[in-house]
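These notes are about the structure you will find just below.
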Amino acid sequence: MMGWTWNGGEMVVAGGVSFEDRGFRWGMSVFETLRVAGGRTQFVAEHLFSLELSAGRCGMQPEAKALDAARELLFDPPVTDGVARMYLSAGEGGVRSPIGTPRVLVFFEESNVEAPRIKNVIVKTVPAQPVFAGLKTGNYWLQVHWLQEALAEGFDEAILLNVDGTVRSACMGNVFLQTAEGWVTPDATSGARMGIVRGWLAQSHSIVEREVRVEELHAASSIIITNSNLGVHCVQGIGNRRLEVADEEGQWQDAFSQAGW
């Protein structure tokens, strides 16, 4: 793994994060995960725009020069295949200190291994109550906890519910359901993460974004999970119920592999 941070004038190689960084201490950070394939990074502009929006909602104001330098680094990745992750952290300070200008960090993780395939998922009936719903913050412990619970129970992922019984997302991605009316996905008010792959798929294929009830989840004929590393992937089963492999999966995955370069 290789990392860089903004030192006020340029991106420099970084060996780690300070113990006093509030992103490390309290999870006060936002991030984006970007796919790297064939020496190119996918959806760079879209991820950076999403990151700036998330930062603004959390009271962070990144320097334009820092974002430009990070953009250059992302467009010339030091790995051929893998993922890049970019973080905006609250930086050093106490809980009473304002955030202001965040620390900018970019790291690359090389991997020639295909992302794990998701075969079977389980619905977690414990309501999910994320911090800053819809944003990708550094506070991912709950998502990791629910994923590990699902793995221990013999499943590959978990689909999370809101307090009111509506569907939010999977632990590590967003969810699309094939219903009698067509394809739908939880909307922003449901707490769905504003993922770039989610946005690309919903917009390019006119998928309806709305509140999705858990009953619709259990009645869906097909379920797709998306994230930057996995792309577009059809789930084989939910609980003990088998699901159909959607005809659209191959077409959408091929389109994804060509988009955003």
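No value in this document is a laboratory result; all are computed from the given coordinates. Here the structure is a predicted model, which is why all the values come from computation and not from measurement. Cβ atoms come from the backbone with ideal geometry, glycine included; neighbour counts cover every protein chain shown.
Here are the numbers for this structure:
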{"item": "Filter result for the condition that a residue is in a helix (DSSP H, G or I), within 27 Å of V36 (Cα to Cα), more than 16 Å from the chain's Cα centre (by Cα) and of a type outside the set (S, T, Y), over L151, L105", "result": "L151"}
{"item": "Where I159 falls short, out of the listed (1) surrounded by 13 or more Cβ atoms within 10 Å (Cβ to Cβ); (2) assigned to a loop (DSSP other than H, G, I, E, B)", "result": "(2)"}
{"item": "Of all residues in segment 214-261 being assigned to a helix (DSSP H, G or I) and free of Cβ contacts under 8 Å to residues at least 24 places away in the same chain, the one that is surrounded by the fewest Cβ atoms within 10 Å (Cβ to Cβ)", "result": "Q258"}
{"item": "Residue list for segment 36-64, filter: part of a helix (DSSP H, G or I) and either out of contact with any strand residue (DSSP E or B) (no Cβ under 8 Å at 6 or more places or on another chain) or of a type in the set (F, W, Y) (or both)", "result": "A45, E46, F49, E52, L53, G56, R57, A64"}
{"item": "Residue selected from segment 1-43 under the condition acidic (D, E) and surrounded by fewer than 17 Cβ atoms within 10 Å (Cβ to Cβ), by the criterion nearest to G100 (Cα to Cα)", "result": "E20"}
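Per-residue answers, yes or no, for (1) without any contact (Cβ under 8 Å) to a residue 60 or more places away in the chain; (2) surrounded by 14 or more Cβ atoms within 10 Å (Cβ to Cβ):
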site: G138; (1), (2): no, yes
site: Q143; (1), (2): yes, yes
site: L147; (1), (2): yes, yes
site: A150; (1), (2): yes, yes
site: N174; (1), (2): yes, yes
site: E181; (1), (2): yes, no
site: P186; (1), (2): yes, yes
site: Q203; (1), (2): yes, no
site: V212; (1), (2): yes, yes
